[in-house]
Ligand SMILES: [Zn+2]
């Protein structure tokens, strides 16, 4: 008997990360700081955030009820977002994440990135 649930457990055990059915909806909840409902019931807990090479980010999540693990990809910064951050820096302010209200960007090597979405928004001088 193979059910979808069994396949998923095998994937979780072998260290693979599942993708989420409604990434876009979850992303907007995530930007708002809301709780993320898990596709298998319960909620998704953030395990870690990883900046990707091309400027986007990955958020690693674990379901609180099934312990299945997921990876949510966060799209890279748009031109408008980069400009907003650049302007903040030029004005001498602390750059904030254009998606997470009140979240300051942190310096990762030569870039300013958001610790919550892993996205790089500007070059650090
Ligand atoms: Zn962010």
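The values are calculated or read from the model by the stated rules, or taken from the named source; none is laboratory data. All values derive from a computational prediction rather than experimental measurement. Ideal geometry is used to build each Cβ from the backbone, glycine not excepted, and the neighbour counts take in all protein chains shown.
Here are the numbers for this structure:
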{"quantity": "Candidates 85, 49, filtered to the one that is touching a residue at least 12 places away in the same chain (Cβ under 8 Å) and crowded, with 19+ Cβ neighbours inside 10 Å", "calculated": "85"}
{"quantity": "Condition broken by residue 19, with the remaining ones in (1) over 16 Å from the mean Cα position of the chain (by Cα); (2) at pLDDT below 95 satisfied", "calculated": "(1)"}
{"quantity": "Residues of the stretch 53-99 satisfying the condition of being at pLDDT below 95, within 24 Å of residue 34 (Cα to Cα) and out of contact with any strand residue (DSSP E or B) (no Cβ under 9 Å at 6 or more places or on another chain)", "calculated": "66, 67"}
{"quantity": "Residues within the stretch 80-125 that are more than 9 Å from the ligand (Cβ to nearest atom) and not in a strand (DSSP E or B), tallied", "calculated": "22"}
{"quantity": "Hits in the stretch 52-62 (condition: over 15 Å from residue 16 (Cα atoms) and either surrounded by 13 or more Cβ atoms within 10 Å (Cβ to Cβ) or within 14 Å of the ligand (Cβ to nearest atom) (or both))", "calculated": "52, 55, 56, 57"}
{"quantity": "Residue ID - farthest from the ligand (Cβ to nearest atom), chosen from residues in the stretch 66-79 that are at negative phi and loosely packed, with under 14 Cβ neighbours inside 10 Å", "calculated": "79"}
